[in-house]
Amino acid sequence: MDELNFTPFLLSFKLAFTVTIILLVIGIPFAWYLSRTKSKIKPVIEALTALPIVLPPSVLGFYLLVILSTSSPIGKFFWEYFNMKLVFSFEGLVVASCIYSFPFMIQPLQNGFENIDKNIIEASYLSGKGPIMTLFKVILPNMKDSLLTAIIITFAHTVGEFGVVLMVGGSIPGKTEVASVAIYDFVEMMDYEKAHIYSAIMLVISFLVLFAVYFINHKNKRKFNDVY
């Protein structure tokens, strides 16, 4: 057997890390807004946010391919002003993955915000802390489990993406060929030995991620039971 090339895994982890950081920065204020707003269009916003969960990846990938291509206003803008192609490039994978993984960051954060005891928020305000200070010094530290769950699930979901990244990025070695796409390529070439090895690695990663999430949840339940 030829020496295994782990570049697709490194690229997958680089993509997942980048997407997770971006979505964490965007997701905290967005999820906070959703948890607090009483707007009549809240169900519409929540439905749009969750749409990537139920929408077939090929459908989402196709529309992203159209929107991000240089023939569209958005793709043309980035190409002309930033010399950046958003299709068949790592940058395009980041944009597509942020959209595809968005609900996996938002939903745990929103649940965490909604379950925060309102009394500690009011106490923070009464002690003189402003909204920003309250968010980072009081609220987020008291929803560490939700925060960690959102980060882990978003990272893992991005690592395991296939349909969207294949549609938008293709399979360019060292550039857009992430681990899931590499497995597909091995199967296409009937190189089942490498496909088995890569798939086994992905299986282990997926199990460890799910184990971490359930471990956090069970630990949180035990703390709650000990208190009450």
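The numbers here are math on the coordinates, done by the rules we state, and not lab data. Because the structure is predicted, anything quoted here is derived from the model rather than measured. So basically every Cβ, Gly included, is an ideal-geometry build from the backbone, and we count neighbours across all protein chains shown.
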Checklist outcome for this item: In nanometres, the difference between 0.36 nm per residue of separation and the alpha-carbon distance of residue 203 and residue 76 is 41.9 nm
Item to check | Positive-pole candidate from 205, 128, 113, dipole of the chain, charges at beta carbon | outcome: 128
Item to check | Reported label for calculated Cα extents along the principal axes in Å given (i) 63, 44, 27; (ii) 61, 49, 35; (iii) 60, 35, 31 | outcome: (i)
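For the range 1-77, which trypsin sites (Lys or Arg not before Pro) are both in a DSSP coil and crowded by at most 13 other Cβ atoms within 10 Å?
On the way: sites: 14, 36, 38, 40, 76; in loops: 38, 40.
Those satisfying the criteria are 38, 40.
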Checklist entry - Which of 162, 44, 172 sits farthest toward the positive end of the charge dipole of the range 7-227, with +1 on the Cβ of Lys and Arg and -1 on the Cβ of Asp and Glu? => result 44
Checklist entry - Tell me which lysines have Cα within less than 17 Å of residue 76's Cα, excluding those fewer than 8 residues away on the same chain? => result 85
Checklist entry - How many angstrom lie between the C-alpha centres of the range 55-73 and the range 95-136? => result 31
Checklist outcome for this item: In nanometres, the difference between 0.36 nm per residue of separation and the alpha-carbon distance of residue 184 and residue 142 is 10.9 nm
Checklist entry - Dipole size in debye (nearest 20) for the chain around its Cα centre, Lys and Arg Cβ +1, Asp and Glu Cβ -1? => result 1180
Checklist outcome for this item: Here FRET efficiency (C-beta to C-beta, residue 120 to residue 218, R₀ 25 Å, nearest 0.05) is 0.55
